[in-house]
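Down below is the structure, laid out as structure tokens.
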Amino acid sequence: MESRGRVLAFLQGEGVDGRGRTLFEVLALDDAALERSHDFIQWLFPLPEPSAAVPDSPVLDEAEATAIRDSSLAQCALAAATDRMAAFLGRTDVWLRPQDHNHLRITRMIRSLRLLRGDAEADAFRDAVLAAVEETGAPVSARSRGYWTTA
């Protein structure tokens with residue numbers, strides 16, 4: 001399959017990510033696997049710019065972004081991915097510190113949701129993350145919280 005459309009195919013359950021995993025296999029990863037793996041988030045929450053952390057991850061173009069917005073299967077996958085990552089964040093406190101790689105994931109998720117699902121979904125996820133930080137009194141840096149607020 002050519003590079004165009006790979007993310008759409010993955011999100012529709014018809015393709016695989018860069019490591020050959022299906023959407024369903026990625027969503028089924030346990031929390032420990034999610035924490036130690038760094039190459040799945042770009043497939044679940046794609047963006048129109050390259051990832052600094054995983055240089056060979058997909059880059060979303062406008063045509064594919066439009067196709068994802070128009071696909072009910074892709075929209076369901078994005079909702080499921082959001083729920084999975086929210087559950088992961090809710091069950092671990094590893095990210096509730098001044099700096100953590102999950103902060104970058106959260107920023108990516110908010111930006112991708114805004115682009116592909118809309119402001120309401122992006123804002124709801126962002127607000128839940130910020131509420132968790134507030135409720136726990138976690139020392140998450142103002143810089144990370146600022147990125148989330150402006151994503």
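The values are calculated or read from the model by the stated rules, or taken from the named source; none is laboratory data. Every value quoted in this text rests on a predicted model; they were computed, and no experiment measured them. Using ideal geometry, Cβ is built from the backbone for each residue, glycine included, and neighbour counts are taken over all protein chains shown. Ligands, DNA and RNA are excluded from the accessible area calculation, which covers all protein heavy atoms including side chains. Shrake-Rupley method; radii C 1.70, N 1.55, O 1.52, S 1.80 Å.
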**OP:** Kindly list the number of the only condition in (1) outside any helix (DSSP H, G or I); (2) under 17 Å from Asp30 (Cα atoms) that fails for Pro48.
**Re:** (2)
**OP:** Return only the number of the condition from (1) under 21 Å from Thr150 (Cβ atoms); (2) touching a residue at least 24 places away in the same chain (Cβ under 8 Å); (3) open to solvent by 10 Å² or more (accessible area, probe 1.4 Å) that Ala122 does not satisfy.
**Re:** (3)
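Going by the structure shown, is Glu25 more than 16 Å from the chain's Cα centre (by Cα) and of a type in the set (D, E, K, R)?
For Glu25, the condition - more than 16 Å from the chain's Cα centre (by Cα) and of a type in the set (D, E, K, R) - is not met.
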Subject >> Of all residues making up region 1-37, the number that are open to solvent by 80 Å² or more (accessible area, probe 1.4 Å), under 16 Å from Ala81 (Cα atoms) and not in a loop (DSSP other than H, G, I, E, B) >> reply: 2
Subject >> Failed item in (1) in contact with a Leu (Cβ under 8 Å, 6 or more places away or on another chain); (2) assigned to a loop (DSSP other than H, G, I, E, B); (3) open to solvent by less than 70 Å² (accessible area, probe 1.4 Å); (4) not acidic (Asp, Glu), with Ala53 passing the rest >> reply: (3)
**OP:** Can you run down the residue pairs with Cβ atoms below 9 Å, 6 or more apart or on separate chains, where the first is in region 75-98 and under 11 Å from Glu121 (Cβ atoms) and surrounded by 14 or more Cβ atoms within 10 Å (Cβ to Cβ) and the partner is of a type in the set (S, T, N, Q) and modelled with pLDDT of 95 or more?
**Re:** Leu78/Ser112
Original post:
Just a yes or no: is a residue in region 38-54 under 19 Å from Ala80 (Cα atoms) and without any contact (Cβ under 8 Å) to a residue 24 or more places away in the chain?
Top reply: yes
